[in-house]
Amino acid sequence: MNVRTLAIGDIHGCDTALLNLLRMVEPTPDDLVVALGDYVDRGPNSKGVVDSLIEFSGDHHLVCLKGNHEAMMLDARQEGMETLMMWRSFGGAETMASYAGEGEPGSLEDIPPQHWDWFENTCLPYYETERYIFVHAGVYPNLPMNKQTDSVLLWEKLHDRGPHISGKVIICGHTAQKSGLPLSLGHTVGIDTWVYGEGWLTCLEPDTGRYWQANEQGETRLGTLDVPLARPTDG
């Protein structure tokens with residue numbers, strides 16, 4: 001059996017795209033699926049995205065990372081009105097509305113304890129395999145992963161810092177590729193392809209460079225990275 005490693009970019013409340021993407025990719029229970037964070041905000045159905053991921057994890061090997069939007073959401077719960085208003089302006093308003101009744105603005109109190117627990121205790125800061133480092137935003141190339149800070153893991157924009165000292169390929173989201181196409185630097189690939197805007201939600205198989213995409217309009221497509229990913233054995 002061919003066991004795949006798969007990465008899903010920033011979903012941002014786009015549950016229709018997520019469900020269509022999963023139907024297209026057809027992950028098996030043995031495949032490793034890593035979701036790179038930013039499940040909430042901006043799109044129409046953040047609650048549906050979290051429900052779908054929790055359900056999917058019941059019979060699949062799913063690893064979920066924390067994104068900066070989950071961090072803002074948790075801060076809004078803990079730090080008071082000023083932080084709440086900032087989060088609302090970055091998509092939190094759409095998130096709370098997805099938890100409320102139809103036509104209602106919603107509030108933090110509408111978000112169920114199971115979801116708060118998932119954001120706090122299930123979502124990881126990063127994830128490593130033998131070949132890859134999965135992270136929401138980025139890493140400092142000269143620091144081991146246990147020395148990285150939240151500011152780079154959650155917030156740093158993608159640019160070419162060079163390969164990581166581990167030799168592993170970085171798979172990240174966070175920096176929207178408004179072309180709708182993944183950005184491959186060889187040692188790093190960004191797969192936030194702007195699904196909440198006019199782009200797509202991407203699932204990448206880094207071993208092959210193949211990717212699948214779906215959008216909120218129900219369209220799907222396939223592609224292959226323009227720049228092949230490096231390997232630890234490449235030098």
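The values are calculated or read from the model by the stated rules, or taken from the named source; none is laboratory data. Predicted model only: the values in this text are computed from it and were never measured. A quick note on method: Cβ atoms are made from the backbone with ideal geometry, for glycine too, and the neighbour counts reach across all protein chains shown. When the accessible area is computed, the model is the full protein with side chains, heavy atoms only, and any ligands, DNA or RNA have been set aside. Shrake-Rupley method; radii C 1.70, N 1.55, O 1.52, S 1.80 Å.
Restricting to segment 198-235, name every residue that is surrounded by 15 or more Cβ atoms within 10 Å (Cβ to Cβ) and among the small types (Gly, Ala, Ser).
Once the filter is applied, which keeps residues that are surrounded by 15 or more Cβ atoms within 10 Å (Cβ to Cβ) and among the small types (Gly, Ala, Ser), segment 198-235 yields 199, 209, 214, 223, 230.
Exactly one condition in (1) within 15 Å of residue 4 (Cα to Cα); (2) in a helix (DSSP H, G or I) is false for residue 27; which is it?
Checking residue 27 against (1) within 15 Å of residue 4 (Cα to Cα); (2) in a helix (DSSP H, G or I), the one that fails is (2).
Among residues belonging to segment 78-94 that are under 21 Å from residue 15 (Cβ atoms) and over 19 Å from the mean Cα position of the chain (by Cα), point out the one that is most open to solvent (accessible area, probe 1.4 Å).
The first filter runs over segment 78-94 and keeps only residues under 21 Å from residue 15 (Cβ atoms), leaving 87-88, 90-94.
Narrowing the set further to residues that are over 19 Å from the mean Cα position of the chain (by Cα) leaves 88, 93.
Details: 88: 82, 93: 31 Å².
Among residues in segment 78-94 that are under 21 Å from residue 15 (Cβ atoms) and over 19 Å from the mean Cα position of the chain (by Cα), the one most open to solvent (accessible area, probe 1.4 Å) is 88.
Condition test on residue 148, is it without any contact (Cβ under 8 Å) to a residue 24 or more places away in the chain and within 12 Å of residue 9 (Cα to Cα)? Full working, then the answer.
Values: without any contact (Cβ under 8 Å) to a residue 24 or more places away in the chain: yes; within 12 Å of residue 9 (Cα to Cα): no.
Against the criterion (without any contact (Cβ under 8 Å) to a residue 24 or more places away in the chain and within 12 Å of residue 9 (Cα to Cα)), residue 148 does not qualify.
Failed condition for residue 204, given (1) in a strand (DSSP E or B); (2) of a type outside the set (Ser, Thr, Tyr); (3) over 16 Å from the mean Cα position of the chain (by Cα), with all others met?
(3)
Confirm whether residue 178 is open to solvent by 60 Å² or more (accessible area, probe 1.4 Å) and either outside any loop (DSSP other than H, G, I, E, B) or in contact with a Gly (Cβ under 7 Å, 6 or more places away or on another chain) (or both).
Spelling it out, residue 178 is indeed open to solvent by 60 Å² or more (accessible area, probe 1.4 Å) and either outside any loop (DSSP other than H, G, I, E, B) or in contact with a Gly (Cβ under 7 Å, 6 or more places away or on another chain) (or both).
Can you pull out the residues in segment 23-47 that are surrounded by fewer than 20 Cβ atoms within 10 Å (Cβ to Cβ) and within 15 Å of the chain's Cα centre (by Cα)?
32
Are any residues in segment 95-134 among the polar types (S, T, N, Q) and either at positive phi or open to solvent by less than 20 Å² (accessible area, probe 1.4 Å) (or both), and if so, which ones?
Here is the first cut: in segment 95-134, the residues among the polar types (S, T, N, Q) are 95, 98, 107, 114, 121-122, 129.
Once the filter is applied, which keeps residues that are among the polar types (S, T, N, Q) and either at positive phi or open to solvent by less than 20 Å² (accessible area, probe 1.4 Å) (or both), segment 95-134 yields only 95.
Restricting the search to segment 135-163, which residues are crowded, with 21+ Cβ neighbours inside 10 Å and part of a loop (DSSP other than H, G, I, E, B)? Full working, then the answer.
Of all residues in segment 135-163, those crowded, with 21+ Cβ neighbours inside 10 Å come to 135-139, 153-154, 156.
Within segment 135-163, 136, 137, 138, 139, 156 meet the criteria.
Inspect all residues belonging to segment 202-220 and state whether any of them is under 20 Å from residue 68 (Cα atoms) and either of a type in the set (Phe, Trp, Tyr) or touching an Asp or Glu at 6+ places or on another chain (Cβ under 9 Å) (or both). I'd like the intermediate steps shown before the answer.
In the first step, residues of segment 202-220 are kept if they are under 20 Å from residue 68 (Cα atoms); the result is 202-203.
When the remaining residues are screened for being either of a type in the set (Phe, Trp, Tyr) or touching an Asp or Glu at 6+ places or on another chain (Cβ under 9 Å) (or both), the result is 202.
Taking every residue of segment 202-220 in turn, at least one turns out to be under 20 Å from residue 68 (Cα atoms) and either of a type in the set (Phe, Trp, Tyr) or touching an Asp or Glu at 6+ places or on another chain (Cβ under 9 Å) (or both).
Of the residues 55, 130, 109, which single one is over 16 Å from the mean Cα position of the chain (by Cα), under 25 Å from residue 213 (Cβ atoms), at pLDDT 95 or above and of a type in the set (D, E, K, R)?
Numbers: 130 fails: under 25 Å from residue 213 (Cβ atoms); 109 fails: under 25 Å from residue 213 (Cβ atoms).
Only one candidate passes the filter, namely 55.
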